[in-house]
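Okay, structure first, notes after.
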Amino acid sequence: EALFDEHSAPFSFAQPKKSPASPMITFDNVSVGYGDTPVLKRITNRIDPDDRIALIGINGNGKSTFAKLIAGELKPMDGKLQRAKTLEVAYFAQHQLDKLKPEQTPYEHIIGLMPLESEARRRSRIAQMGLSTSRMDTRAKDLSGGERARLLMGLITFHGPGMLILDEPTNHLDIDSRDALVHALNDYKGAVLIISHDRHLVEATCDTLWIAENGTISVFDDDLDGYQRSLTGSSGGSNA
């Protein structure tokens, strides 16, 4: 058989099983942080089912903290956060690659999600994650970083969430896989929040910019070029 790039296969996300009402999530003067220390304050905004948001801002300004708030990993310290009752959120971040079971193959990971299905149906579902037949029976610890990322994305979106949060999803992906991710996101019908330094990914999938700065999250009323100009045109202190 001819060798081919394992990473370049297309993949797809399960479409939302339920369409949450709009607004899907509302933030009313929300604060969030760790312990007794807030990282973000005064968040007032909303997310609707068709939103495609890129969250920008200098590292350390609370982007991942905000992602964890939406994903339910952190609770508001103050203010009011309301979410649609039927909303399911899938959250991808690099630290979650540790949730994969290193000794289990992709096929073994999926058995519990499809306990009554045939082997053929299970393997078909893994193929939709962009993993080739030869990699379905490879232990997770022996997969490449890109293959592990594909497997985790496939597992967290398995049941058709209404929203995807992707925190630096392209770190382990090659060029072809990044393009495959763009196509998968553009085919997905739910809301999307992306945190990424990958400009191509952001411009190809998002139509709204939010920014983490000055201890809060707000809408950024310019494009990425404007954001870059704001960084180079300032001393940097105002963004700290």
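The values are calculated or read from the model by the stated rules, or taken from the named source; none is laboratory data. Just so you know, these numbers come straight off a predicted model, no measurement behind them. Glycine gets a Cβ as well: all are built from the backbone with ideal geometry, and neighbour counts include every protein chain shown. All accessible areas refer to the heavy atoms of the entire protein, side chains included, with ligands and DNA or RNA removed. Shrake-Rupley method; radii C 1.70, N 1.55, O 1.52, S 1.80 Å.
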* Compute the relative contact order of segment 1-132 as a whole-number percentage, counting only Cα pairs closer than 8 Å that sit 6 or more residues apart in sequence. => 33 percent
* Asked: Of all the accessible heavy-atom surface of the chain, with the other protein chains kept in place and a 1.4 Å probe, what percent is carbon and sulfur?
  -> 49 percent
* Asked: Which one of L143, T105, T86 is farthest out on the positive end of the charge dipole of the chain, using unit charges on Cβ (Lys, Arg +1; Asp, Glu -1) and the Cα centre as origin?
  -> T86
* Accessible surface of H172 in the full protein assembly, 1.4 angstrom probe, to the nearest 10 Å²? -> 90 Å²
* Asked: For H95, what charge total do you get from the other residues with a beta carbon under 12 Å from its beta carbon, if Lys and Arg give +1 and Asp and Glu give -1?
  -> -2
* Asked: Roughly what angle does helix 145-156 make with the longest principal axis of the chain, taking Cα atoms, 0 to 90 degrees, to the nearest 10?
  -> 80 degrees
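Treating only the Cβ of Lys, Arg, Asp and Glu as charged (+1, +1, -1, -1), what charge dipole size does segment 14-131 show about its Cα centre? Round to the nearest 20 debye.
220 debye
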* At q = 0.11, 0.13, 0.15 Å⁻¹, what is the log10 ratio I(q)/I(0) for segment 1-121, with the Debye formula run over Cα points and no solvent? -> -0.57, -0.75, -0.93
* Structure fact -> Expressed as a percent, the portion of alpha-carbon pairs in segment 186-235 spaced more than 18 Å apart is 35 percent
* Asked: What number comes out for the charge environment of Y34, summing +1 per Lys or Arg and -1 per Asp or Glu over other residues with Cβ under 13 Å away?
  -> 0
* What size of dipole, in debye to the nearest 20, comes out for the chain about its Cα centre when the only charges are +1 on Lys and Arg C-beta atoms and -1 on Asp and Glu C-beta atoms? -> 880 debye
* Ratio of the Cα radius of gyration of segment 148-240 to 2.2 N^0.38 Å, where N counts its residues -> 1.22
* Would you mind counting up the charge near I25? Only other residues with Cβ under 15 Å from its Cβ, with Lys and Arg at +1 and Asp and Glu at -1. => +2
* For the chain, how big is Rg over Rh, using alpha carbon atoms and the Kirkwood form of Rh? -> 0.99
* Structure fact -> Taking only C-alpha positions in segment 88-165, Rg and Dmax in angstrom work out to 11.8, 32
* **segment 26-78 - Rg (one decimal) and Dmax (whole number), Cα, Å** => 11.1, 34
* Average accessible area per residue (Å²) across segment 154-219 - probe 1.4 Å, nucleic acids and ligands excluded -> 36 Å²
